[in-house]
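So the structure is just underneath, and the comments pick up after that.
The values are calculated or read from the model by the stated rules, or taken from the named source; none is laboratory data. Just so you know, these numbers come straight off a predicted model, no measurement behind them. Reconstructed Cβ throughout: ideal geometry from the backbone, glycine too, with neighbour counts over all protein chains shown. Just the protein is used for accessible areas: all its heavy atoms, side chains included, with ligands, DNA and RNA removed. Shrake-Rupley method; radii C 1.70, N 1.55, O 1.52, S 1.80 Å.
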Amino acid sequence: MIFNPDYECMPRKRIKDLQLSRLRGILSRVWENVKFYRQKMEEKGLSLKDLRTLEDFSKFPFTAKQDLRDTYPFGLFAVPERDVVRLHASSGTTGRPTVVGYTAKDLETWAELTARVLYAGGLRHDDKVQNFLGYGLFTGGLGMHYGAEKIGATVIPTSVGNSERQINIMKDFGTTAIIGTPSYTLHLAEVMKDMGIKRDDLKLRVGFFGAEPWTEEIRKELESSLGIIATDNYGLSEIMGPGVAGECQLKVGMHIWEDHFLVEIVDPETLEPVEPGEVGELVITSLTKEALPIIRYRTRDITYLIEEPCGCGRTMARIGKIKGRTDDMLIIRGVNVFPSQIEEVLISTQGVLPHYQIVLDRKNHLDIIEVFVEVSDDIFQDKMRSLVEMERGLTHKLKSVLGIDIKLRLVEPKTIERSSGKAKRVIDKRKLNL
């Protein structure tokens, strides 16, 4: 079943025609209303007449997060402030906050697109959905909230934290669906076990996860520990928030809503487009956003595009699981390493728990990488010889995948600090020592 088949199942030719028409409209609006974009186009010698086909768009300038910071707070808005009915903003922990705004029509569009994501993943009118994404200035909680209500589901807006209360509410209210980050949900599964509550004591059946990269091994862990179908979804505040793309229950890539977003995959170094199926950086243009249209936004997220039709009947292209970010790629002794590569090796090993942390340091001008990972109680309490053999085997496997030596430390369950939001997987002390 499909939430909006008129758009989600549109023939590819019609999708492309619609994108070109909407792209011309959005470029015209930013040319007239956003000084930043007009200047950037003029600097490249471009005008609106230079867009005749979708292929011509690759000549137009990119937008980066720094551009939103430089124009803080409202410099990229394309409507008068009185037409903005809601504002969200980043925390600003790594620089000046980025501010995003929505008109009333933007909010309607946002609810429609998050509803498509949730419906594709299996949410229905009769569900009770507990949302433990953060509410407030973060877009996650409210974005999913209104999509679930549009479907007609009952929303339980618990937001983050207070883990035992989350479990009690699931049990007492009969929660059937959950929305959260994968890492915090795994923590809830641990808390549930400590409380003596089994997965069959709950009515959970589907879960919607995003806001951080996660692997297929984490999906298996979520599905087995909670008895749910776990689907991935993608969004980012600069573009809209959650609801940009999401998996259907076939779990073969996230459908991106191409009637509202134009997607490109580019080589992160040359910035030239790559072929469908090739891995590169995701670049998104919002085609219908009124308050804050974004042109060719460099997301820094690494993925690939799938244009083949999906077995579910939707015709929209899909993006593969986010493999990491260009700015969280670790360069260790000249070798490029993504945390997801380490996670895949660890979590696919029996007895290893889905909680790990990577610590980078520099000693005598040499990069050191140390990985701490929790193992199950029965393994940790086994003979020292078994632990040593397991550590040796995992270390060898990681070296064969990464091509560098690492130090591996097997630790007891609950040694690594838990987070109620996005997990902190990497601590890079090298920056502190510079």
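Here are the numbers for this structure:
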read-out: Per-residue ³J(HN,Hα) for region 179-192, Karplus 6.51 cos²θ - 1.76 cosθ + 1.60, θ = phi - 60°, Hz, x for Gly and Pro; value: 10, x, 8, x, 5, 5, 5, 4, 4, 4, 4, 5, 4, 4
read-out: Listed residue (Ile427, Pro293, Pro354) projecting farthest to the positive dipole end of the chain, Cβ model; value: Pro293
read-out: Cα-Cα P(r), the chain, percent of pairs per 10 Å interval; value: 4, 20, 29, 26, 15, 5, 1, 0
read-out: Estimated distance in nm for a label pair at Asp17 and Asn4, the labels positioned 7 Å out from Cα along Cα-to-Cβ; value: 1.9 nm
read-out: FRET efficiency, Ser91 to Asp126 (Cβ-Cβ, R0 56 Å, nearest 0.05); value: 0.95
read-out: Expected-Rg normalisation [2.2 N^0.38 Å, Cα atoms] applied to region 81-326; value: 1.00
read-out: Where only C-alpha atoms are counted, convex hull volume of region 335-428 per residue in Å³; value: 105 Å³
read-out: Relative packing of 147-156, 286-295, which averages over residues the other C-beta atoms within 10 Å, highest first; value: 286-295, 147-156
read-out: About the Cα centre, charge dipole magnitude for the chain (Lys/Arg +1, Asp/Glu -1 at Cβ), debye; value: 540 debye
read-out: Residue-span extension gain [Glu389 to Gln249] - 0.36 nm each, minus C-alpha spacing; value: 46.5 nm
read-out: Distance cut-off 13 Å, percentage of C-alpha pairs in region 180-223 lying past it; value: 57 percent
read-out: Region 76-208: translational diffusion in µm²/s, Stokes-Einstein, Kirkwood Rh over Cα pairs, 25 °C, 0.890 mPa s; value: 153 µm²/s
read-out: Furthest towards positive pole of dipole, Pro73, Ser28, Gln39, structure part region 11-73, Cβ charges; value: Ser28
read-out: Dipole in debye (nearest 20) - region 335-428, about Cα centre, beta carbon charges: Lys, Arg +1; Asp, Glu -1; value: 160 debye
read-out: Computed log₁₀ I(q)/I(0) - Debye formula, equal Cα scatterers, no solvent, region 270-409, q 0.18, 0.21 Å⁻¹; value: -1.07, -1.26
read-out: Inter-site label distance for Met195 and Asp382 at 7 Å from Cα along Cβ, in nm; value: 3.1 nm
read-out: Simple label model, 7 Å out from Cα along Cβ direction - Arg430 to Arg418, nm; value: 3.2 nm
read-out: Ranked by how many other beta carbons lie within 10 Å on average, peptides 36-47, 102-113, 208-219 from highest; value: 208-219, 102-113, 36-47
read-out: The chain - accessible surface per residue (Å², probe 1.4 Å); value: 46 Å²
read-out: Surface share of carbon and sulfur [accessible, 1.4 angstrom probe, percent] for region 335-428; value: 49 percent
